[in-house]
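Trainee: Before we start, here is the structure in question, set down as structure tokens.
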Amino acid sequence: MKKYKNLIIAAAIGFTILAVILVYLKLNKKDPSELTLFGNIEIRQADLSFRAEGRVTKLFKEEGDEVKKGELLALMDDVTYKAKYEKSLADIRRYKAQSANYYSIYKRHRALCADGTTSKERCDEILKDKNESRAMLESEIKQSKIYKDDWDNTKIYAPNDGIVTTRVVEEGMVVGLANPVYTISLNHPVWIRAYVGEENLGNIKYNMKATVLTDTTDPHTGEKRKYEGRIGYISPVAEFTPKTVQTEELRTDLVYRIRVYVDKTDKYLRQGMPTTIIIDLKQKDENGRGSTD
């Protein structure tokens, strides 16, 4: 009797273990219609600099500050550049008056030169004065635009919305042409760099939708932060699995680099963050065609 009970207990334990194994395999069975990739956030950065040389007089932002497109970020001592531009404007006014005067003389003598009343030498001189004065005016107008551009380049404006990641110089420092002053991380575009194996390359295409999950749990929902993305780039060239993502089994595999762009971003996506990308391979495009149609 005791032996019979032991057999029943052993059988029950065996069935329980088998059931657990079956459930585990079912839960962990890979869905062939779903592609899961792993990647890292990449955000475009920009080095901002003056297109002029001089002393930095004012810096309006610190590291970590948000900036808006077109916002003034820094000023350079502009006394010399402003003086050159203002002198150029004065020269333009002078050359305009001079050119108008010579043109008036030319108009008065044009008929006299045509009938020979005024000597040829005098007519040539009048024409030369008119042309030279006009050329000097046009040259100064062009030069004035350069001076104005130089003056404008003593200011730095934000090219796009972003966050200051590095403040390279301080007020009072002298900087050269194109020396970096700020480095900003742009809010857009934000993408995830990931790699897809050759066996799945034929299942993906541009603009396919993807779900992007970060490792961060949203305290309000208790779930991983989720974003909607789309495939915006697929490399045409295969490469070996990068060291940063390779495993011992895949270190010699050839993969293709892709970018999954996140259009609606927030301040919680940061450079280098690891992410999980889930792509439904059965999704249809705008024309109702599937990914394999």
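Rule-based calculations on the coordinates, nothing more; no lab input. Fair warning: this is a prediction, and the values are worked out from it, not measured in the lab. In this analysis, Cβ positions are derived from the backbone assuming ideal geometry, glycine residues included, and neighbour counts consider all displayed protein chains.
Trainee: What are the ³J(HN,Hα) values, in whole Hz, obtained from phi via the Karplus relation 6.51 cos²θ - 1.76 cosθ + 1.60 with θ = phi - 60°, for each residue of the stretch 168-174 in sequence order, with x given for Gly and Pro?
Mentor: Whole-Hz 3J(HN,Hα) from phi for the stretch 168-174: 7, 10, 10, 4, x, 6, 9.
Trainee: Apply the Karplus curve 6.51 cos²θ - 1.76 cosθ + 1.60, θ = phi - 60°, to the phi angles in the stretch 195-202 and return the couplings in whole Hz, x for Gly and Pro.
Mentor: So the Karplus estimates, Gly and Pro as x, are 9, 10, x, 4, 5, 10, 4, x Hz.
Trainee: Starting from the Cα of LYS226, draw a straight line to each of the aspartates and glutamates and keep only those under 13 Å, dropping any in the same chain fewer than 8 residues away.
Mentor: ASP215, ASP218, ASP263, ASP266
Trainee: Over the stretch 65-158, what portion of Cα pair distances is larger than 23 Å, expressed as a whole percent? Could the numbers behind the result be given before it?
Mentor: Numbers: 2172 of 4371 pairs.
When all Cα pairs of the stretch 65-158 are counted, 50 percent exceed 23 Å.
Trainee: Here is a follow-up. What is the sum of charges around TYR261, taking Lys and Arg as +1, Asp and Glu as -1, for the other residues whose C-beta is under 13 Å from the C-beta of TYR261? Mind showing how you got there, number by number?
Mentor: Working: positive: ARG44, ARG193, LYS209, ARG230, ARG259, LYS264; negative: GLU42, GLU228, ASP263.
Value of the local net charge: +3.
Trainee: Give me the net charge for the shell around ALA178: Cβ to Cβ below 14 angstrom, other residues only, Lys and Arg +1, Asp and Glu -1. Each step should come with its number before you reach the end.
Mentor: Details: positive: ARG51; negative: ASP47, GLU53, ASP150.
Value of the local net charge: -2.
Trainee: Ranked highest first by the average count of other Cβ atoms within 10 Å around their residues, in what order do 262-274, 205-217 fall?
Mentor: Values: 262-274: 13.1, 205-217: 15.5.
Result, highest mean Cβ count within 10 Å first: 205-217, 262-274.
Trainee: Each label point is 7 Å from the Cα along the Cα-to-Cβ direction; what then is the distance between the points at TYR206 and ASN40, in nm?
Mentor: Placing both labels 7 Å along Cα→Cβ, they lie 2.7 nm apart.
Trainee: Okay, next question. If R₀ is 22 angstrom, what is the calculated FRET efficiency for the pair VAL79 and ASN101, using the beta carbon separation as r and rounding to 0.05? Before the final figure, lay out each step's value.
Mentor: Details: r = 33 Å, r/R0 = 1.52.
Efficiency at R0 = 22 Å is approximately 0.05.
Trainee: Which of the GluC sites (Glu not before Pro) found in the stretch 145-246 are loop residues per DSSP with 14 or fewer other Cβ atoms within 10 Å of their Cβ?
Mentor: Details: sites: GLU170, GLU171, GLU198, GLU199, GLU223, GLU228, GLU239; in loops: GLU170, GLU171, GLU223.
Hits after loop and neighbour filter: GLU170, GLU171, GLU223.
Trainee: Here's a follow-up. Ranked highest first by average number of other Cβ atoms within 10 Å, how do 176-187, 85-96 line up?
Mentor: Numbers: 176-187: 17.2, 85-96: 15.0.
Ranked from most to least packed, the peptides come out as 176-187, 85-96.
Trainee: While we're looking at this one, here's another question. Quick one: 3J(HN,Hα) in Hz for the stretch 180-188, Karplus 6.51/-1.76/1.60 with θ = phi - 60°, rounded, Gly and Pro as x.
Mentor: So the J values, rounded to whole Hz, are x, 10, 10, 10, 10, 9, 6, 5, 9.
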